[in-house]
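The values are calculated or read from the model by the stated rules, or taken from the named source; none is laboratory data. Quantities reported herein were computed from a predicted structural model and do not represent experimental measurements. No Cβ is skipped: glycine too gets one built from the backbone with ideal geometry, and neighbour counts run over all protein chains shown. To get the accessible areas, we keep the full protein, side chains included, count just its heavy atoms, and leave off ligands, DNA and RNA. Shrake-Rupley method; radii C 1.70, N 1.55, O 1.52, S 1.80 Å.
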Amino acid sequence: MGMAGVQENGHGEMGLSDFPLGSKNKYKRMDSEFINYDGDDDPLHNYHQLEKRKKSTRKYVYGCAVFASLNNVLLGYDVGVMSGAILFIQEDLKITEVQQEVLVGVLSIISLLGSLAGGRTSDAIGRKWTMGVAAVVFQIGAAVMTVAPSFEMLMAGRILAGVGIGFGVMIAPVYIAEISPTIARGSLTSFPEIFINLGILLGYVSNYAFSGLSAHISWRIMLAVGILPSVFIGVALFIIPESPRWLVLQNRVEEARSVLMKTNENESEIEERLAEIQLAAGTSNTDKPVWRELLSPPPVLRRMLITGIGIQCFQQITGIDATVYYSPAIFKAAGIEDESELLAATVAVGVSKTAFILIAIILIDKVGRKPLLYVSTIGMTTCLFGVGITLILMKEGSISIALAILFVCGNVAFFSVGIGPVCWVLTSEIFPLRLRAQASGLGAVGNRMCSGLIAMSFLSVSRAITVGGTFLIFSVVSALSIAFVYKYVPETKGKSLEQIELLFQDEYGFQGGEVQLADVEHLVQK
């Protein structure tokens, strides 16, 4: 690794143009500060013009990231709202416990089909229009669920919604990573996780708000509200640009240059970035189909797939979706009996999960991905163990309830600080340009499959070994994730997407020692 805070440019050299700039940074890019924008030779005037351009560019890129992340609200809302809606669905449609598990978990299982199809679709029609497909399919599914008169019709709507969500969760991080400037890519690619958390919180609030209605009406309104975010996605498609990297793959180089002009602060870097993208696209040209290369990967790609798919699976098999979907069941095991109090307690979980994602956004491009993963996985392991011990050893009562709420909120908070957002950031960064969409889709498939398996088995496993015993198993899996991060996850902070590919050339070059001492010290100071 190079010096902390210094990036290599596309030619492997160091330069002042690669120092990150912020409002409080004492360094200025001397090669771009005095660019003559409008024929005025006054350096101060040109400096103000440069600052104006930077502000405009940041707003534009942030706006694109926000719009691209709207699909993720749908996933988060479904996760949050089903935790309460399932109580009323069971009462209204008289479904069994097994049917409850299938209804909750099938969306995640089916969404893997959308993630698989999303990779090829985005390569064919573009990143942003794939987001449109996701929104339309989800809207149809949500509408079917809202009017469903039976369990079978409700399942049909869930399947459609799952396909739409599968498209959305895999394409948003890829799109954002491909339009973002290197210096802010980590923060911007975390936006989808922010919106998942926001959706979860909105789902919890919706549960609480509509819980006073009749069982027949309440869950239908809860599910219908989820249609609203997808309406804004339709508007967004006419505002955001296409990914410049996808445009280069389609030989639409001038359009790609135009997008880079809008999304990069430093004009002098635009041609350099475009050249890097063209080189990556050119060197990846091969007659071998993408799917065949993914099924029979060379050693470098195999290491990328292990990292990308592995971190996606660990994000879910540590039980986060089970914690969110079944938080009322967890708090009920701790001693809360009133339904309104159960739903109110879940709002606290949603607030914790949403609030702590902001810490990750602030730190991910400052201290790096790997330190946040260590803090996250160690904290989750501790909290999951705490939930298990509390539910097994303590009797139902106020202390048990307080500790259960504390540890559950702590678990989702540590999740949001690290593995929640970093998981999506990594899988959008590490794969070569030609393979990125479909390889990221495979990672999303692993994520959704693990989520579905956990959600569909939680009630049955909890009945067999108790809720506390289930969380002790989650804590063991979470401990294994710490070792996985040490061995397989490289630090990608401050590197262009094209430079990140080089990290996987050396089989041992990105293991434990990749985290710089300065990064860890910075995190501790924070």
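Kindly check whether there is at least one residue in the range 206-220 that is on the phi < 0 side of the Ramachandran plot, part of a helix (DSSP H, G or I), within 24 Å of the chain's Cα centre (by Cα) and modelled with pLDDT of 85 or more.
yes
What number of residues within the range 240-258 are within 19 Å of ALA177 (Cβ to Cβ) and surrounded by fewer than 13 Cβ atoms within 10 Å (Cβ to Cβ)?
So the answer is 0.
Among the candidates ILE378, ILE364, which residue alone is under 28 Å from ILE405 (Cα atoms), out of contact with any Cys (no Cβ under 7 Å at 6 or more places or on another chain) and surrounded by fewer than 22 Cβ atoms within 10 Å (Cβ to Cβ)?
Values: ILE364 fails: surrounded by fewer than 22 Cβ atoms within 10 Å (Cβ to Cβ).
Result of the check over ILE378, ILE364: ILE378.
Restrict the check to the range 399-411 and report whether at least one residue is in a helix (DSSP H, G or I) and under 21 Å from ILE364 (Cα atoms). Show your work before the answer.
Here is the first cut: in the range 399-411, the ones in a helix (DSSP H, G or I) are 399-411.
Restricting the remaining residues to those that are under 21 Å from ILE364 (Cα atoms) gives 410-411.
Scanning the range 399-411, I find at least one residue that is in a helix (DSSP H, G or I) and under 21 Å from ILE364 (Cα atoms), so the answer is yes.
Check whether at least one residue in the range 155-165 is modelled with pLDDT under 90, within 22 Å of the chain's Cα centre (by Cα) and not in a helix (DSSP H, G or I), and report yes or no.
The answer is no, given that none of the residues of the range 155-165 is modelled with pLDDT under 90, within 22 Å of the chain's Cα centre (by Cα) and not in a helix (DSSP H, G or I).
Residues in the range 246-277 that are among the small types (Gly, Ala, Ser) and within 18 Å of LYS128 (Cβ to Cβ): how many?
2
Pairs only if they're at least six apart or on different chains, beta carbon under 7 angstrom, first in the range 123-135 and closer than 15 Å to ALA256 by Cβ, second assigned to a helix (DSSP H, G or I) and at pLDDT 85 or above; list them, first residue then second.
These pairs meet every condition: GLY126/TRP246; ARG127/TYR175; ARG127/TRP246; LYS128/TYR175.
Residues that are within 23 Å of ILE239 (Cβ to Cβ) and either free of Cβ contacts under 8 Å to residues at least 40 places away in the same chain or of a type outside the set (Lys, Arg) (or both): does the range 76-92 have at least one? Before the answer, list the steps.
From the range 76-92, those within 23 Å of ILE239 (Cβ to Cβ) are 76-77; that's our starting set.
Still in the running and either free of Cβ contacts under 8 Å to residues at least 40 places away in the same chain or of a type outside the set (Lys, Arg) (or both): 76-77.
Yes - at least one qualifying residue is present in the range 76-92.
Evaluate the following for VAL351: is it open to solvent by 60 Å² or more (accessible area, probe 1.4 Å) and out of contact with any Asp or Glu (no Cβ under 9 Å at 6 or more places or on another chain)?
Working: open to solvent by 60 Å² or more (accessible area, probe 1.4 Å): yes; out of contact with any Asp or Glu (no Cβ under 9 Å at 6 or more places or on another chain): yes.
For VAL351, the condition - open to solvent by 60 Å² or more (accessible area, probe 1.4 Å) and out of contact with any Asp or Glu (no Cβ under 9 Å at 6 or more places or on another chain) - is met.
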